[in-house]
Amino acid sequence: MGISRVESLIYGVTDIDSGIRYFENWGLENVEKGASGAIFKTPTNQTIHIKSKDNPSLPSAPDDENSTVRQTIWGVETAADLEKIGAEMSIDREVKLNPDNSIQVTDECGFSLGFCIGKVKELKALPSRVNLNENSERLNAVVESLPQAKPLRLGHVVYYVPIEKADKAVSFYIDRLGFRLSDRTLGRGDFMRCPGSRDHHNLFLLRRKDKAAFNHAAFEVQNFDEIMMGGVFMKNNGWQPETTPGRHVLGSNLYWYFRNPCGGNTEYFADMDCMDDDWEPRIWDKNPGFSLWSISDPD
Ligand SMILES: [Fe+2]
């Protein structure tokens, strides 16, 4: 099945303490922290690494003059998958083999990618129970207040890619790494899912005129209540929203974005479209829009 998910993100940042406070407030479990950085974990065992942007172990990135993601590591299912990717990549680029057997390459736009065997922790997440008319799924139970969000997993990453490199960048992920196209908005961007995932997208390459840059990382939560309660907690802790809450057109997911001092934004999302090989990719001549609806926020 090949690549199944984002396994890890490695940030290089100017202010480690703010980065740690941000991801603590975001609701991820901190498994390591100190003056030189920190590691956070999702319940499905994906990791977020925060390091100083000047750490010599970090690969370069197109936008690394500021805090940003310096490497995205994709998880694969088997050693054979890893070997296959290594062989494919070695056709036209340098493949670095790390001591832990993961491999590292650079994509068409200068972003560093890693590949490793995923350390997936299965999570038996049950959908929220809702009541509707005579259907009392949530019988004799109340909706609980949450002190903060607790994201289940890291679902997708989004990068800006320069227009002149965009077609080649998309082809690299689809033709070389097996990603599937879910939606394409001509001149705007491509939503792709890993070959081993049913998410509408695990990767979105968003076209813009100037240089490549990291845009956002998205974390799945249970439902809209958790987006709202988690987002309000973030606001109360001084973090700036990038958007108001809403529901996207492409992917259909509920969202709320915040500005991450580690670089780019993070998104709480819930209830995204899922698809398999029966899904026909949609090609949009005109951008169908950012949101089906959004909350207008006077703040
Ligand atoms: Fe997103």
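The values are calculated or read from the model by the stated rules, or taken from the named source; none is laboratory data. Quantities reported herein were computed from a predicted structural model and do not represent experimental measurements. FYI the Cβ positions are ideal-geometry reconstructions off the backbone, even for glycines, and counts take in every protein chain you see.
Below is a table of values for the structure above.
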quantity: Test: residue in region 164-178 that is among the small types (G, A, S), buried (at least 17 other Cβ atoms within 10 Å of the Cβ) and not in a loop (DSSP other than H, G, I, E, B); calculated: yes
quantity: Residue among G196, G189, G178 that alone is outside the structural domain of E7 (by TED's automatic domain parsing), farther than 29 Å from E24 by Cβ and modelled with pLDDT under 95; calculated: G196
quantity: Answer from H216, H201 - the residue that is surrounded by 20 or more Cβ atoms within 10 Å (Cβ to Cβ) and in a loop (DSSP other than H, G, I, E, B); calculated: H201
quantity: Test: residue in region 289-299 that is buried (at least 22 other Cβ atoms within 10 Å of the Cβ) and in contact with a Lys or Arg (Cβ under 8 Å, 6 or more places away or on another chain); calculated: no
quantity: Among (1) at positive phi; (2) crowded, with 16+ Cβ neighbours inside 10 Å - the single one N133 does not satisfy; calculated: (2)
quantity: Tally of residues being within 22 Å of V76 (Cβ to Cβ) and not in a loop (DSSP other than H, G, I, E, B) across region 41-63; calculated: 4
quantity: So Y11, is it assigned to a strand (DSSP E or B) and either aromatic (F, W, Y) or not assigned by TED's automatic domain parsing to the domain that holds M275 (or both); calculated: yes
quantity: Residue selected from region 156-178 under the condition within 16 Å of the ligand (Cβ to nearest atom) and in contact with a helix residue (DSSP H, G or I) (Cβ under 9 Å, 6 or more places away or on another chain), by the criterion nearest to D273 (Cα to Cα); calculated: Y159
quantity: Test: residue in region 119-132 that is of a type outside the set (S, T, N, Q), under 17 Å from the mean Cα position of the chain (by Cα) and not in a loop (DSSP other than H, G, I, E, B); calculated: no
quantity: Considering residues of region 241-288 that are within 13 Å of the ligand (Cβ to nearest atom) and hydroxyl-bearing (S, T, Y) only, the residue surrounded by the most Cβ atoms within 10 Å (Cβ to Cβ); calculated: Y268
quantity: Filter pass, G196 being in contact with a Gly (Cβ under 7 Å, 6 or more places away or on another chain) and more than 16 Å from the ligand (Cβ to nearest atom); calculated: yes
quantity: Residue in region 41-56 that is surrounded by 20 or more Cβ atoms within 10 Å (Cβ to Cβ), of a type in the set (A, V, I, L, M, F, W, C) and more than 16 Å from I10 (Cβ to Cβ) present; calculated: no
quantity: F191 being within 16 Å of the ligand (Cβ to nearest atom), under 20 Å from R259 (Cα atoms) and touching a strand residue (DSSP E or B) at 6+ places or on another chain (Cβ under 7 Å); calculated: no
